[in-house]
Every structure is written in C-alpha cells, then in structure tokens.
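Asker: One structure follows; several queries about it will come next.
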Amino acid sequence: MTVKSNILVLDPATSYDLVTVDDVILELQITNPSDSDKALIQKNITAISIAISNYCDRVFPSERVEETIWELRNPNRHGGGLYYRHSYFYTPPTTFMHHHHIESLYLRRYPIISIDSVYVDDIPITSDSDDLSLRIDRKDGVLYRLENGYQSSWHFGKSIVATYTGGYTTIPADLQRAAIRWVEMAWFFAGQDSTVRQEQVYGIASISYDTTGGSSSGSGSTKTDAVPSEIKLLLDPYTRDWGFA
C-alpha cells in the first residue's frame, strides 16, 4: 500500500526563521553593525533556516494544519489505455470503511500541541486527550488507535483527516545553535573562494580545493551534501525516518 500525506496550512507561522538577526550579531560580537551587515545576516538566516527544514524534512515553527492521509491508486496500463487500481484488499464503493490499515499514524508537524479533530472516513473518532480510543505521542507526533484500551490499527477506506497544531512555539536551544553556527560560518566565509574546502595553517599553509566545479548536483550528491558535518550532529536528533507501517 502506498500512503500519501497532504498538508493544508490553516494558521501559518509568522516567521520560519529559526533565529533572529540580534541572536547572530550577539554571537559574532559585532558592536556597530551596518544596515548592509544586518541585511546580509538576515538573508543568511532565512536561507539557512530553509536548508535546515529541508534536511530534517519538517517545519519547526508551530502552525495549525489539516493533514489528510489516503492511499494512492496504482496506475496500470491495459491495452492502449491507462486505468487505476487500489491495493488488492480495496473493494470499490458502496462503503469506504475498513479497506486499508496502518499500524501508527505519523503526523508531519510535531511536537503536537493540540488536536482539534480526527476523522476516519468522515466519522469523528477522538478528542484532544488519551482515552479508550487513542494514545497521543505528542513529542514524536504519533497517534495510536486503541480498541477497548488495547492498541489496534487505523482502518480506513477513503481517508484520515487530522486537524491539529504542531511544531515549536519556542525553537529549542540546540536547534538555534545549529542555525547560528551555520550563519556564523557563512559570515566568515563570505567573499572567499567558494572552491576552498579546507584550509590549515601550522606555519605552512595547506589548502584543499573542490574539484567538482563548486556544485553538489553531480552524480551521487544528495540534499545533505551542503550541510556542514558539525551542523549535522546538531540536526540529526530532529530528523525522523517517519512513515506508515
């Protein structure tokens, strides 16, 4: 079964920047920053905040969203035409109930702050609390379905729709540290040769150069290529190999 998750943002965050210009200026110990200095820092903050979000595959500031989970139909060719079929245990309608199942419901915006509603095939099933039908792992954004207090699967035919608020109202200190450190690195390397990958000075200079033409888009590159190693160490606790089981 191929399950798809779609997010509709109902109440967007006011900013997706993980730190402020003042945070970075304090770290850099700039006493009299010019307007151009502040503009450059702000530009780096925004770009690096996006890069961190992409690396961790999540949005960090809290937002109220509607998340819809459904099964994708599999395309198949028959003769000269293209038709779609559901997984082998899907029975086309009159009813959509209980044709698919997933063991745990992983929501994309976490930690979970509050849950407005969860609908399974348009039927409301829960409130914003642990009860006999639900367990909520707020920290990791996982919902467990219960039957008579025992863990069960999420059974659905059409979709599961969760409306909730998730993310951080205050960005964690170590995540802020990762952003500040990366912006600091960008500040000190601004204007330098972009092909330089390593530089050592122990009385004699030793400089290593990038031989790929300064691009990470070549064969074998991934979205993690541009993230400095020391930044990855701070970000890895915020990644999740999430999915549906």
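Asker: Looking only at residues in segment 18-46 that are aliphatic (A, V, I, L, M) and farther than 16 Å from I171 by Cα, which one is modelled with the lowest pLDDT?
Answerer: Among residues in segment 18-46 that are aliphatic (A, V, I, L, M) and farther than 16 Å from I171 by Cα, the one modelled with the lowest pLDDT is I30.
Asker: May I pose another question? Does Y150 meet the test of being in contact (Cβ under 8 Å) with a residue 40 or more places away in the chain and either open to solvent by 30 Å² or more (accessible area, probe 1.4 Å) or over 18 Å from R64 (Cβ atoms) (or both)?
Answerer: no
Asker: Name the residue, out of S49, S15, that is open to solvent by less than 80 Å² (accessible area, probe 1.4 Å), in a helix (DSSP H, G or I) and at pLDDT 95 or above.
Answerer: S49
Asker: Out of everything in segment 1-12 that is outside any loop (DSSP other than H, G, I, E, B) and open to solvent by 70 Å² or more (accessible area, probe 1.4 Å), what residue ends up being nearest to F156 (Cα to Cα)?
Answerer: The extreme case among them is K4.
Asker: Can I ask one more? Find the residue count for segment 137-173, including only residues that are aliphatic (A, V, I, L, M) and either touching a Cys at 6+ places or on another chain (Cβ under 6 Å) or assigned to a loop (DSSP other than H, G, I, E, B) (or both). Reasoning before the result, please.
Answerer: To start, the set of residues in segment 137-173 that are aliphatic (A, V, I, L, M) comprises 142-143, 146, 160-162, 171, 173.
If we keep only those that are either touching a Cys at 6+ places or on another chain (Cβ under 6 Å) or assigned to a loop (DSSP other than H, G, I, E, B) (or both) too, we end up with 171.
The total comes to 1.
Asker: Scanning segment 53-82 for residues that are at pLDDT 95 or above and aliphatic (A, V, I, L, M), which turns out surrounded by the fewest Cβ atoms within 10 Å (Cβ to Cβ)?
Answerer: This residue is V59.
Asker: Take segment 154-193 and flag every residue that is farther than 29 Å from L18 by Cα and open to solvent by 20 Å² or more (accessible area, probe 1.4 Å).
Answerer: H155, K158
Asker: If you don't mind, another one. Pairs needed: first member in segment 171-185, touching a residue at least 24 places away in the same chain (Cβ under 8 Å) and closer than 16 Å to K43 by Cα; second member anywhere, open to solvent by 20 Å² or more (accessible area, probe 1.4 Å) and polar (S, T, N, Q); C-beta distance under 6 Å; at least 6 residues apart or different chains.
Answerer: Going by the 6 Å Cβ cut-off, the qualifying pairs are V183/N44.
Asker: Name the pairs whose Cβ atoms lie under 7 Å apart, with the first residue in segment 1-26 and over 30 Å from Y106 (Cα atoms), the second part of a loop (DSSP other than H, G, I, E, B), and 6 or more positions between them or separate chains?
Answerer: Within 7 Å, the pairs are I25/P33.
The values are calculated or read from the model by the stated rules, or taken from the named source; none is laboratory data. Just so it is clear, the model here is predicted, and its values are computed rather than measured. Here the Cβ is made from the backbone with ideal geometry for all residues, glycine too, and neighbour counts use every protein chain on show. In case anyone asks, the SASA skips ligands and DNA or RNA and just uses the protein heavy atoms, side chains included. Shrake-Rupley method; radii C 1.70, N 1.55, O 1.52, S 1.80 Å.
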